[in-house]
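Notes follow the structure.
The values are calculated or read from the model by the stated rules, or taken from the named source; none is laboratory data. The structure displayed is predicted, hence computed values, not measured ones. Using ideal geometry, Cβ is built from the backbone for each residue, glycine included, and neighbour counts are taken over all protein chains shown. The protein model used for the area step is the full one, side chains on, heavy atoms only, and it has no ligands, DNA or RNA in it. Shrake-Rupley method; radii C 1.70, N 1.55, O 1.52, S 1.80 Å.
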Amino acid sequence: MPRRGNRWGLVAAVAVLPVLVLIRLVTAVVRFATSDCPLGGAPEQTSCTEALAFGGASLPDGAYDIDCTVRTWLDTDYLVTFRMPRSDVTGWLTRTYREQPETRLCREGADLCLNLNSDAHPPPAGAGATP
């Protein structure tokens, strides 16, 4: 009677598949837990003109230490940070945003921030952003 092949090779192959799936799952969980952007869309440098236009603004005269990033995944989020002379801030906000929204959701250490993300204070007409 002819001898059949070794069945242990098939058993090993079938046993290894769940182990590989488990390793992949553990790797994904660790990556998700330790990533700054677990769902993708890491921030990238972008044009400040584009970023500010999205919110209906432009850089004020005398701005410095300017940094502009965009993060795109499910939504598009721009972050623009800059410094300007303190005495010019109120005038720039008044010219740029006729109805100044409440100052809230500021990052720690911010003297003043502007949040246009509300129904009560939508971005100016023509801006790409929507509340």
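Values as computed for the structure displayed
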{"item": "Fraction of accessible area attributable to carbon and sulfur, the stretch 48-94 (%, probe 1.4 Å)", "result": "51"}
{"item": "Estimated distance in nm for a label pair at residue 79 and residue 32, the labels positioned 7 Å out from Cα along Cα-to-Cβ", "result": "2.3"}
{"item": "Label-point separation, residue 90 to residue 6 (7 Å along Cα→Cβ), nm", "result": "8.5"}
{"item": "Nitroxide proxy distance, nm - points 7 Å out along Cα→Cβ at residue 22 and residue 113", "result": "4.4"}
{"item": "Segment residue 53-residue 106, length gained on full extension (0.36 nm per residue, minus Cα span)", "result": "17.0 nm"}
